[in-house]
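To start, the structure under review is shown below, and the notes come after it.
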Amino acid sequence: MRAEAVASPEADTAPRPHSGAAGAPAAPARAGSSSRFAVALRAALDEIGAASGDTVGPVPAVTVAALGVRDAYTDTADGRGPRHDSAAAGRPVPVHLYGRQVIVGPWPAAPGATERADRAGCAICLRRRWQGVRSVPLREGLELGSETRSAGDWPYAVPFAATAVAALVAGLAEQEPAPGPYPRVHLVDLDTMTVRNHPLVPDPECPCCGTPEEDTAEAATLTLRPAPKYRPSAFRVRRIEDYRLPVDAFANPHWGAIGPSVVCDVASTTTSATVGCFSSRSGEYLRETFWGGHADTYAHSQRIGVLEGLERYAGMRARTRTARLRASLDDLGPVAVDPRETGLYADAFHRDNPRVRPFAPDREIPWVWGWSLRDAAPRAVPEILAYYHAPGLENRFVQESSNGCASGGSKEEAVYFGLMEVIERDAFLRAWYGQVPLREIDPSTSARASTRHMVDRLAMYGYRARFFDTRADLPVPVVTACAERFDGGVGRMCFGAGAGLDPESALDSALCEIATDSVNLVGRTRRDEARLRAMAADFDRVTTLHDHPLVYGVPEMGRHADFLLRRPDGLPPLAVADLAWPDADGATVGTDLREDLLRAVGAVTAAGFDVVVVDQTLPEQRALGLHTVKVLVPGLLPIDFGWSRQRARHMPRMRAALGAAGLHPAPHPFP
């Protein structure tokens, strides 16, 4: 019996130096080192095979290649990817080298496996995921430079290292595949001789094993089916704990799908908050996208955070679908969502930013297909409104946000939460920019002890939690929350909001947002006080998402919330239950999420709006039983970040909401 090690073409070609990358903490193996290690590994596998005789199955063949040599996001054009590897030695196991690490896997599918199993992750997926969690200097060098240069021979190309890796490969060959939706990949640390493993989430954009989907009007069809709740008071079809959600598949420093780590915020004194981050490239810009969870335990917050990270990963661009439809609004007519109804920037923005071409109805742009719940028919949606970081800056006439993006255990659940978010943001912006007086809600009337306790806890840390009924012309309960410092000092105030058919849930969602943000606001304001005070004096300096909430940590910004917090009318506060919206039978919520969703959709369409849903679900989410959607309600106010990019301030719905005080002169404080 003979095992074969095949040095990949990468390992046979000396990497070329680049001119723009900074140094990295580790270096790729030199080409000659990879080849020598491949020979040593082959000999070690041969020795294991000879020693075992017929007592074990055949020792698998392997390929050996260096990581960090060239850009994995473009490295398959010459046929050196896993299709080439798989043709050699009867589907070999990929082995990759970098620094002191040897990475083994993903294991190839067994002969006769189904096509789905055959596509459950490959060597190119690993390389792309590995590169995605590298340091900024290394990524800049690989993606913008001209490959990397080895600093010297790989010092680990010794017989003992080959023996250790061969033993691991042979041992894994005898094991059954680990349970779970994703294949596991093993890493050997040659300094400590320890072995660890994490699942590998297949890359949906992998040019080798990705499964592109056709974006068609027919495929956009959405049929709402029964979606029983796992308990009557919830708006979920299953508990988060019931998902097969391997956190380490998504957050690990080696090939984490949505980042290198998930950090527990041990400084938070209100919730067990967690935060993570992934980076994606947009031209020359490496954009960081943060995600997190805010629950009572770190384990629960980690799972919530991962689900949010996946949701944002899915919503940024169509990773498995290509926008095939390119046309103008004039060409498409009423079947298309009119961007003028979803909001456009003021002319002054385009004068100051000439690279951003304004929308025009005769301008050709890419479109994707969504589904109108009002008309039960497909509708074309501008790609940039459906995916908020769709590639192609020339098509980006606005910068959409994740507003309306939501995930759930069923499509009905995802659409419900996406619609609630759209309603919530619209109501908040209508009240803020219209300077609409809102009726206060007494949190002591909440039926949830956890809500009352959190309000008391915030008071211990110097914040008064206040809540306001933000409903306007839609009957869905919407609550705005504000945590304001008793002393009016640094960390002045922060805001949040929530919407849902159950007023208790809406208030709890709003409270959750301010509970974590408020206790961190004092420190964040002090660390960045000079810049934030400059923003408070000149709103044109408010340019990013984080600027909006942070500027309200400056004490003098408090006066901009006086219309809300200093009302002189003397009306008694509402009870939480006063926000309820009962149906004809007196029930506020049902046992089936579809029925709750249809009630909410009916209220929106009765007010003259459409509800359009774009399915953003990725294959790795389907493997977990998850769905992600983008919900658009053309005509409702969209949320934007950056003072010059406030579409809501110029829309007809905003003008209709203005009272005697007129349009609010300050940016919204929404996080």
Just from its helices, what would the mean residue ellipticity at 222 nm be for the chain, if runs of 4 or more DSSP H residues each count -39500 (n - 2.57) and the sum is divided by every residue, rounded to the nearest 500 deg cm²/dmol?
-> -9000 deg cm²/dmol
Using only the alpha carbon atoms of the chain, find the Kirkwood hydrodynamic radius as the inverse mean reciprocal pair distance, in angstroms to one decimal.
-> 27.1 Å
Any idea what the relative contact order of segment 250-402 is, in percent, if you count C-alpha pairs under 8 Å spaced at least 6 apart?
-> 17 percent
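Counting only protein heavy atoms and a 1.4 Å probe, tell me what percentage of the chain's accessible area is made up of carbon and sulfur. Let's see the in-between values first.
Values: 14260 of 27340 Å².
Here it works out to 52 percent.
Only Cα pairs under 8 Å and at least 6 apart count here; give the relative contact order of segment 418-543 as a rounded whole percent. Show your work: numbers first, answer last.
On the way: 196 pairs, mean separation 25.1, N = 126.
So the answer I get is 20 percent.
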Label point distance in nm, ASP296-SER450, each placed 7 Å from Cα along Cα→Cβ | 0.5 nm
What residues have an amide H closer than 5 Å to that of THR322, excluding those fewer than 5 places away on the same chain, when H is modeled at 1.01 Å from N in the peptide plane?
-> GLU213, ASP215
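Please report the relative contact order for the chain, taking Cα pairs under 8 Å with a sequence separation of at least 6, and give it as a percent rounded to a whole number. Let's see the in-between values first.
Working: 1410 pairs, mean separation 84.9, N = 671.
Relative contact order for the chain comes out at 13 percent.
Rounded to two decimals, what ratio of Rg to Rh does segment 349-389 give with C-alpha atoms and a Kirkwood Rh?
On the way: Rg = 13.4 Å, Rh = 12.2 Å.
When Rh is taken as the Kirkwood radius, the ratio is 1.10.
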Label segment 515-671 by shape, choosing from rounded, prolate and oblate, from the square roots a ≥ b ≥ c of the eigenvalues of the Cα gyration tensor; if a/c is under 1.5 it is rounded, and otherwise prolate applies when a/b is larger than b/c, oblate when it is not.
-> prolate
If the convex hull is drawn through the Cα atoms of segment 327-403, its volume per residue in Å³ | 94 Å³
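Could you work out the Kirkwood radius for segment 153-245, taking every pair of different alpha carbons, averaging 1/r and inverting it, reported in Å? Display every interim value, and only then the final one.
Working: mean 1/r = 0.0538 Å⁻¹.
Taking the inverse mean of 1/r over all distinct Cα pairs, segment 153-245 comes out at 18.6 Å.
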Given the candidates TRP581, VAL601, PHE539, the one whose Cα lies deepest towards the positive end of the charge dipole of segment 539-671, counting +1 at each Lys or Arg C-beta and -1 at each Asp or Glu C-beta, is PHE539
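For ARG566 and VAL39 in one chain, what is 0.36 nm times their gap in residues minus the Cα-Cα distance, to one decimal in nm? It would help to have the intermediate numbers written out before the result.
On the way: separation 527, 0.36 × 527 = 189.72 nm, distance 7.72 nm.
Between ARG566 and VAL39, full extension yields 182.0 nm more.
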Please work out the C-alpha center-to-center distance from segment 276-333 to segment 131-146 and express it in whole Å.
-> 21 Å
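Write down Rg/Rh for segment 364-457, rounded to two decimals, with Rg from the C-alpha atoms and Rh from the Kirkwood relation over Cα pairs. Show your work: numbers first, answer last.
On the way: Rg = 18.5 Å, Rh = 16.8 Å.
Taking Rg over the Kirkwood Rh, I get 1.10.
The values are calculated or read from the model by the stated rules, or taken from the named source; none is laboratory data. The structure presented is a predicted model; accordingly, all values stated were derived computationally and were not measured. Cβ atoms come from the backbone with ideal geometry, glycine included; neighbour counts cover every protein chain shown. Ligands, DNA and RNA are excluded from the accessible area calculation, which covers all protein heavy atoms including side chains. Shrake-Rupley method; radii C 1.70, N 1.55, O 1.52, S 1.80 Å.
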